[in-house]
Amino acid sequence: MRGSIGEVFLKNLAWTVSVLLLLATTSFSAGAAPSNGRKLYKWADEQGETHFGDHIPPEYASQEQHVINSQGVETERIEAQRTPEQLAAEEKKRFEAEQKASRDKNLLNTYVSVADV
């Protein structure tokens, strides 16, 4: 009887060690993706075709770009360079929002209720 308990114990121990080794190796290999600090970029050309590379060609440098990690997951998005017209429109929108906020603040400081306005 003692021999069979010892055999069962050794089989369970061997099975447990095997499972632990399997888990350890899969965990290690999943985290073993190279992270040498290099970036992979994704961009689209004029025809809409998507390209990947470790650098962006100069003719596409002003377009929207995406930085991809070693698993293919987007980690960063670099917006396209804005035209002077776009920058002026954004500045105008920001200025108008500041003016509206200032007017609202003045109204709230001047009048106690809506009926007073």
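Within segment 78-115, the residues that satisfy the criterion of being within 30 Å of Trp43 (Cα to Cα) and open to solvent by less than 80 Å² (accessible area, probe 1.4 Å) are Ile78, Ala80, Thr83, Ala88, Ala89.
All of Ser18, Ser70 fail the test of being at pLDDT below 85 and either of a type in the set (Asp, Glu) or not in a loop (DSSP other than H, G, I, E, B) (or both), apart from Ser18.
Is it the case, given these coordinates, that Tyr60 is aromatic (Phe, Trp, Tyr), modelled with pLDDT of 85 or more and surrounded by 11 or more Cβ atoms within 10 Å (Cβ to Cβ)? No; evaluated as a whole, the condition is false for this residue. Which condition from (1) on the phi < 0 side of the Ramachandran plot; (2) loosely packed, with under 11 Cβ neighbours inside 10 Å; (3) within 20 Å of the chain's Cα centre (by Cα) is the one that Ser70 breaks? So the condition that Ser70 fails would be (2).
The values are calculated or read from the model by the stated rules, or taken from the named source; none is laboratory data. For clarity, every value in this text was computed on a predicted model and none was experimentally measured. When we count neighbours, we look across all protein chains shown, and the Cβ atoms used for this are built from the backbone with ideal geometry, even at glycine. Keep in mind that these areas ignore ligands, DNA and RNA; they rest on the heavy atoms of the full protein, side chains included. Shrake-Rupley method; radii C 1.70, N 1.55, O 1.52, S 1.80 Å.
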